[in-house]
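*Asks:* Dropping a structure here in structure tokens format, bear with me for questions.
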Amino acid sequence: MNENNPIPPQIPPSDSTQNFTANIPNSPPPPPRSGPRPLGDDPAERIAIPHTFAAIEALLRQPRRLLFQLRQPGAGKLIVSMLFTVLICSAIYGVVAGTFSGGTQLWIAPVKIAAGLFISAAICLPSLYIFTCLSGSQARLIEVVGLLAGLLMLMTILLIGFAPVAWIFSQSTQSLAWMGTLHLIFWFVATLFGVRFMKSGFNYADAKSHAGLNTWIIIFLLVALQMTTALRPIIGKADPVLPTEKQFFLSHWIECISISNDKAKTNARD
Amino acid sequence: MQASAAKLKPCPSEIATLLRGETKAISAWSENWNALRFAWHVIIIILGAGSYGAAMGWWRDPQQSFYVALKFPLIILLTTFGNALLNAMLAPLLGLNIPFRQSFSAVVMSNTVTATILGAFSPLIFFMVWNAPEMSAKVVSYTAYNFILLTHVAVIALAGTMGNLRLLQLLTQLAHGPAIARRVLCAWLAGNLFLGSQLSWILRPFIGAPSLPVQFLRPDSFHGNFYETVFNTVRHLF
């Protein structure tokens, strides 16, 4: 069920299997298996994913089932439902992020987070397809879109898991730099799991090398980080809604941290 | 055998099974959700952690004792509920394919063990506090304060360690191996400690300071966070 996880659950052979093999005299040893087990060899993986909740369940518990279904004709419908989940989950997390400032940020933050994710994905999709082809993978464009949708979906549903913690901190701190760091940590952890899912998907697409995919992951991370600056402020008060000055994300962070430190020093003097 | 153990109605003596870490029975309980058993575990958490909290706050004032009796179980329950979804997502992603209810009940049972140990130590803490010099703004014995503080740290550390040890045994049984169990436990612990520390920070005071009034929450409870304060303290030191 969980074989495409890099470290699958360790399931010991059942007694019945041991007895079965023991009763066959001179049974030949099983042929050596090379590469990952083909998708769909387990009948459970062939069961269609009927709705969004089943897609979430499959992504968490039966990722091979989702990967198999993404290769079937009519996978477009599944991808649309996955992207719909991304939209809802990112909007919910956006509302939680918006509670730090409250007011108009309650709707601006979800719009910006959802838009940022979709724009980042759209910007990075062509390069992902190119890197996939260069690595010798046989994956079709729709499969690549499906894997990218899987990355985003796993990322955003994990963010929903982090949402209660983020909310507690949003209510109990005034430091913008601190909240920004916390959201970035949550986003990074969620992205790690998402990327792991996507890489496991490419393992079944006959890719000869992972170098291109690893390069693309770095590009995607940089684009997403820059998007947080391009659409700023996301957690702070938005006035104006979008920035008038262009900035690199690292210089924006340094600026935020120094403003936060100055505020802390002023409060300490008071 | 597992099925028969799961069918058993929850009873107070089950707590001994939890404390002994009888993984077969505990594993069966976690697989077969029982609302009555869950309610019983929550009651144990409220009573155990509540009585320990009462003992902890008693030194400052009986009113403080009442407040901490409410706050101590609240921290455990809020952390458990707050991280329930995240823990349920992390388990299958780290290789342990268990449903939401099972991961939730595993964490609740671990906290039940912790709360039971805390509850068992509460008479000892009451006795220690009764023997300690009175805590007042005029007379403050720092030796007594530090001794009581360190005792609390030791008891809570013991209870927490035992709770997590039992959780690790259960996870090892469910995962059929120690590697995945350790990974899942580390991920759950990281999340629970992260949220738990902040909730403890918000819900302070616990022992209470002699120079400050008895309050359920400090007026600045929602100003700043635990990690920010630790970071600023370290920065001021250097």
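The values are calculated or read from the model by the stated rules, or taken from the named source; none is laboratory data. Please read these numbers as outputs of a predicted model, since none were measured by experiment. All Cβ positions, glycine included, derive from the backbone under ideal geometry; neighbour counts span all protein chains shown.
*Asks:* Filter the stretch B:117-176 down to residues that are surrounded by fewer than 14 Cβ atoms within 10 Å (Cβ to Cβ), part of a helix (DSSP H, G or I) and among the hydroxyl-bearing types (S, T, Y), then give me how many there are.
*Replies:* 3
Every residue, every condition in (1) at pLDDT below 90; (2) under 30 Å from B:A88 (Cα atoms), yes or no:
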residue: B:P123; (1), (2): no, no
residue: B:M135; (1), (2): yes, no
residue: B:V139; (1), (2): yes, no
residue: B:I156; (1), (2): no, yes
residue: B:A159; (1), (2): no, yes
residue: B:G163; (1), (2): no, yes
residue: B:A179; (1), (2): no, yes
residue: B:C186; (1), (2): no, yes
residue: B:L195; (1), (2): no, yes
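*Asks:* I need every pair where a residue in the stretch A:62-76 that is closer than 13 Å to A:Y204 by Cα has its Cβ under 7 Å from the Cβ of a residue that is aromatic (F, W, Y) and surrounded by 17 or more Cβ atoms within 10 Å (Cβ to Cβ), sequence separation at least 6 or different chains.
*Replies:* A:P63/A:F197; A:L67/A:Y204
*Asks:* Just to be sure, is B:T112 under 14 Å from the mean Cα position of the chain (by Cα), among the β-branched types (V, I, T), more than 30 Å from A:R64 (Cβ to Cβ) and within 14 Å of chain A (Cβ to nearest Cβ)?
*Replies:* no
*Asks:* Might you check whether a residue that is over 18 Å from B:I125 (Cα atoms), in contact with a Pro (Cβ under 8 Å, 6 or more places away or on another chain) and not in a helix (DSSP H, G or I) occurs anywhere in the stretch B:63-85?
*Replies:* Among the residues of the stretch B:63-85, at least one is over 18 Å from B:I125 (Cα atoms), in contact with a Pro (Cβ under 8 Å, 6 or more places away or on another chain) and not in a helix (DSSP H, G or I), which makes the answer yes.
*Asks:* Filter the stretch B:181-238 down to the residues that are part of a helix (DSSP H, G or I) and of a type in the set (F, W, Y), then identify the one that is farthest from the other protein chains (Cβ to nearest Cβ).
*Replies:* Among those that are part of a helix (DSSP H, G or I) and of a type in the set (F, W, Y), it is B:W188.
*Asks:* Any residue in the stretch A:215-228 that is closer than 21 Å to A:A91 by Cβ, of a type in the set (V, I, T) and crowded, with 20+ Cβ neighbours inside 10 Å?
*Replies:* yes
*Asks:* For the list (1) at the interface with chain A (Cβ under 10 Å from one of its Cβ atoms); (2) in contact with a Ser or Thr (Cβ under 7 Å, 6 or more places away or on another chain); (3) over 21 Å from A:S172 (Cα atoms), I need the number of the one condition that B:N164 fails.
*Replies:* (1)
The rows are residues; the columns are (1) more than 22 Å from A:K112 (Cα to Cα); (2) in contact (Cβ under 8 Å) with a residue 40 or more places away in the chain; (3) of a type outside the set (D, E); (4) surrounded by fewer than 14 Cβ atoms within 10 Å (Cβ to Cβ).
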residue: A:G236; (1), (2), (3), (4): no, yes, yes, no
residue: A:P240; (1), (2), (3), (4): no, no, yes, yes
residue: A:K246; (1), (2), (3), (4): no, no, yes, yes
residue: A:L250; (1), (2), (3), (4): no, no, yes, yes
residue: A:S260; (1), (2), (3), (4): yes, yes, yes, no
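*Asks:* Exactly one of (1) buried (at least 19 other Cβ atoms within 10 Å of the Cβ); (2) within 28 Å of B:L85 (Cβ to Cβ) is unmet by A:K199. Its number?
*Replies:* (1)
Yes/no matrix, rows are residues, columns are (1) under 25 Å from A:Q171 (Cβ atoms); (2) out of contact with any Lys or Arg (no Cβ under 9 Å at 6 or more places or on another chain); (3) not charged (D, E, K, R):
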| site | (1), (2), (3) |
| --- | --- |
| A:A207 | no, yes, yes |
| A:V241 | yes, no, yes |
| A:E245 | no, yes, no |
| A:L250 | no, yes, yes |
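*Asks:* Could you name every one of the helices (runs of 4 or more DSSP H) located completely within the stretch A:156-270 that has at least 3 residues being modelled with pLDDT of 90 or more and within 14 Å of chain B (Cβ to nearest Cβ)?
*Replies:* Hits in the stretch A:156-270: A:176-203.
*Asks:* Select from the stretch B:38-69 the residues that are free of Cβ contacts under 8 Å to residues at least 60 places away in the same chain and either out of contact with any helix residue (DSSP H, G or I) (no Cβ under 6 Å at 6 or more places or on another chain) or within 13 Å of another protein chain (Cβ to nearest Cβ) (or both) and list them in ascending order.
*Replies:* B:A39, B:W40, B:I43, B:P62, B:F66 - these are the residues of the stretch B:38-69 that are free of Cβ contacts under 8 Å to residues at least 60 places away in the same chain and either out of contact with any helix residue (DSSP H, G or I) (no Cβ under 6 Å at 6 or more places or on another chain) or within 13 Å of another protein chain (Cβ to nearest Cβ) (or both).
*Asks:* Test of understanding: among B:L93, B:L86, which residue is touching a Lys or Arg at 6+ places or on another chain (Cβ under 9 Å) and within 13 Å of another protein chain (Cβ to nearest Cβ)?
*Replies:* B:L93
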